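What follows is a single structure, written as structure tokens, with notes after it.
The values are calculated or read from the model by the stated rules, or taken from the named source; none is laboratory data. Please read these numbers as outputs of a predicted model, since none were measured by experiment. Positions of Cβ are generated from backbone atoms using ideal geometry, with glycine treated the same way; all protein chains shown enter the neighbour counts. Protein only, heavy atoms only, side chains kept; ligands, DNA and RNA dropped before computing areas. Shrake-Rupley method; radii C 1.70, N 1.55, O 1.52, S 1.80 Å.
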Amino acid sequence: MGDELRQRKNLPQKIYDGGNNDDEVYSSDQIDDSKLERKEKVFYYAGNKDIRFKTLSILTIIALFIRLFQISHPEQVVFDEVHFGGFASKYIKGQFFMDVHPPLGKLLIAASGLAAGFNGSFDFKEIGMDYIEPRVPYVAMRLLPGILGVGLVPISYITMRNMGASEANSILAAIMVLFENGLAWYIFFVALSAMMWTDFLANQDEPFTLNWWYPLGMSGISIGLAVSVKWVGLFVIATVGVSTLKNLWDLIDEKITFNTFSKHFLARALCLIVLPATVYMAIFKIHFLVLANGGSGNGFMSPEFQATLGGIAKINAFEDVGYYSEIYLRHDGTTGGYLHSHKDTYPSGSKQQQITTYPFTDENSIFTVLPKLLEYNGTFVPETVEGFVKLKHKDIVRLQHKPTKKFLHSHDVRPSVTDNKDHNEVSGYGAEGFSGDTNDHWRIELENEHDTLKALTKFRLVHVNTGCFLFSHKVKLPKWGYEQQEVTCTRVGRRYLTLWRIEGNENPRSIFFTVLTSILIFILLQCQLILKK
């Protein structure tokens, strides 16, 4: 290909010799590179290896000085170290947490701290906390992002050269990056993706060779790493994806055979779709392997997932749920947590006691399952239930908030936040010693009508008087509701947002009857032994 390009532009063979002899390499003042096509520019500049190496070396040395000079100052926690340092501590201690971004950046910080001997004892809670007295290896933890910042400078230069830019323009781009300090992990992997992709495009005349496969595969790995730091890395996928379509279209224009085009297509699909997805999933696999113990993020996860974590108390729940059970009722459709109430009231609507969901279990999330009300001589009295009776499909119950003795209640009143006709307010109503009214009635709906209600089984609660479903969604109450998640009752809400499950189920009657049954069985066995004698 080099000979062919040389002949087309009447260029000396020495330009393509690879620059083994400085005297044989033509400099930019010996040739008018504006007359070269993009691919020819790539060949010309690639030939000047000595010039390229010297420029890269100088830029990298300057970058090392700019990025790492006085990296130990200040000797206190600074802005983002509050977040990344705190996450690193949790990784090292294996404590599960939740974050809005994928884990790669935090994992790298944790790995650098662990390699430097950090045991995770420092919590990075506030900006300005001293590093020296607790002997935190903060310099080592700052070095890794600093070195990646250094790497951005030569990457920028190489990317520009791959795209056929002149030496001066490539150096200018590198210098602009050199003096930019608003850098992050994500930007390094995005830049690496761009460099490898442009390198791949510069090797289109050597398909299926090592020089072709290597940048293509590294493009996919770099994209996977970028997305594993932040989901805005999807824009990198979009950028490379559009370029790939253009690249494939150019192949069609060259009128290659269908089999050859298929090979090109499959190679790009493998390296730019399968490989990034594999990298992304592998990073998350490491994330979950490292965070093997319970931590601050437990409440956001399903009970099935929580059961896989070590160091936390397992869900304390009898399997069968019956009348007079004390339960934690968790919303299944969101990460909002558990049905919750407190003494504060709504500022509008009925102005009755607030009902919310809260991510963690505490005494304000305990509700007691009580029998429905029956009308007797013009008054309402609770239905009598003897012994331990399991709850089943279409049973009608009342849920009493244990600390305040208010009943879970709904009525034709608009909620304070989602103020529209499709939603009814859900509140806490009543007082200790007051039986309430039929607006406290909720009907249990199981997926399988023949089942009884068991702990962890998904079910719905239907308000008997209005026919709406107990509902929650990712809408936060204002400060008067402590920014907890709103609970309403609606007929039109998405079905999965009306699903709940019971976590934590204790029933004194079930314990009593279990013990009583055991005693009776023991007595019967003893009687049989006596009769046999």
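Remarks
- Those helices (runs of 4 or more DSSP H) lying entirely in the range 247-350 with at least 2 residues of a type in the set (A, V, I, L, M, F, W, C): 258-269, 275-290
- Set side by side, the residues Glu375, Glu386 differ, and just one is within 27 Å of Lys454 (Cβ to Cβ) and free of Cβ contacts under 8 Å to residues at least 12 places away in the same chain, which is Glu386.
- Here the range 104-120 is the region considered, the condition is being outside any loop (DSSP other than H, G, I, E, B) and more than 14 Å from Pro145 (Cβ to Cβ), and the residue that is most open to solvent (accessible area, probe 1.4 Å) is Leu114.
- Looking across the range 486-506 at every residue that is closer than 21 Å to Asn465 by Cβ and part of a loop (DSSP other than H, G, I, E, B), the one that is most open to solvent (accessible area, probe 1.4 Å) is identified as Arg491.
- Considering each residue of the range 395-412 in turn, at least one proves to be of a type in the set (Asp, Glu) and open to solvent by less than 30 Å² (accessible area, probe 1.4 Å).
- Scanning the range 251-272 for residues that are touching a residue at least 12 places away in the same chain (Cβ under 8 Å) and over 33 Å from the mean Cα position of the chain (by Cα) yields Leu251, Phe261, Lys263, His264.
- Residue in the range 210-225 that is under 25 Å from Lys285 (Cβ atoms), β-branched (Val, Ile, Thr) and part of a helix (DSSP H, G or I) present: yes
- Residues of the range 375-425 satisfying the condition of being under 21 Å from Tyr328 (Cβ atoms) and part of a loop (DSSP other than H, G, I, E, B): Phe388, Val389, Leu391, Asp395, Lys402, Pro403, Thr404, Lys405, Lys406
- Total residues in the range 243-260 satisfying the condition of being open to solvent by 100 Å² or more (accessible area, probe 1.4 Å) and of a type outside the set (D, E, K, R): the figure is 4.
- Tabulated pairs, the range 196-215, first in contact (Cβ under 8 Å) with a residue 24 or more places away in the chain, second among the polar types (S, T, N, Q), C-beta under 6 angstrom, 6+ apart or interchain: Met196/Ser219; Met196/Ser222; Trp197/Ser219; Thr198/Thr159; Thr198/Asn162; Asp199/Asn162; Ala202/Asn162
- In the range 228-283, the residues that are among the basic types (Lys, Arg) and more than 21 Å from Thr198 (Cα to Cα): Lys230, Lys255
- Within the range 291-320, residues that are among the β-branched types (Val, Ile, Thr) sit with their Cβ atoms under 7 Å from residues that are modelled with pLDDT of 75 or more and buried (at least 16 other Cβ atoms within 10 Å of the Cβ), at 6+ positions apart or across chains, in these pairs: Ile312/Gly294; Ile312/Asn298; Ile312/Gln306; Ile315/Glu503; Ile315/Gly504.
- Selection status of Phe360, exposed (fewer than 14 other Cβ atoms within 10 Å of the Cβ), part of a loop (DSSP other than H, G, I, E, B) and in contact (Cβ under 8 Å) with a residue 12 or more places away in the chain: yes
- Residue in the range 121-139 that is assigned to a helix (DSSP H, G or I) and either in contact with a helix residue (DSSP H, G or I) (Cβ under 7 Å, 6 or more places away or on another chain) or modelled with pLDDT of 90 or more (or both) present: yes
- Of all residues in the range 369-394 being among the β-branched types (Val, Ile, Thr) and over 36 Å from the mean Cα position of the chain (by Cα), the one that is least open to solvent (accessible area, probe 1.4 Å): Val385
- Residue that is surrounded by the fewest Cβ atoms within 10 Å (Cβ to Cβ), among those in the range 63-93 that are more than 30 Å from the chain's Cα centre (by Cα) and part of a helix (DSSP H, G or I): Phe65
- Set Tyr131, Tyr157: member being touching a residue at least 40 places away in the same chain (Cβ under 8 Å), surrounded by 22 or more Cβ atoms within 10 Å (Cβ to Cβ) and more than 23 Å from Phe284 (Cα to Cα): Tyr157
- Among all positions in the range 134-146, there is at least one residue which is of a type in the set (Ser, Thr, Tyr) and in contact with a Gly (Cβ under 9 Å, 6 or more places away or on another chain).
- So Asn181, is it in a loop (DSSP other than H, G, I, E, B), of a type outside the set (Gly, Ala, Ser) and either open to solvent by less than 40 Å² (accessible area, probe 1.4 Å) or modelled with pLDDT of 90 or more (or both): no
- Cβ-Cβ under 6 Å pairs, at least 6 apart or on other chains, the range 332-343 side at pLDDT below 95, far side of a type in the set (A, V, I, L, M) and open to solvent by 20 Å² or more (accessible area, probe 1.4 Å): Asp332/Leu499; Gly333/Leu499
- Test: Met176 is of a type in the set (A, V, I, L, M, F, W, C) and closer than 30 Å to Val242 by Cβ: yes
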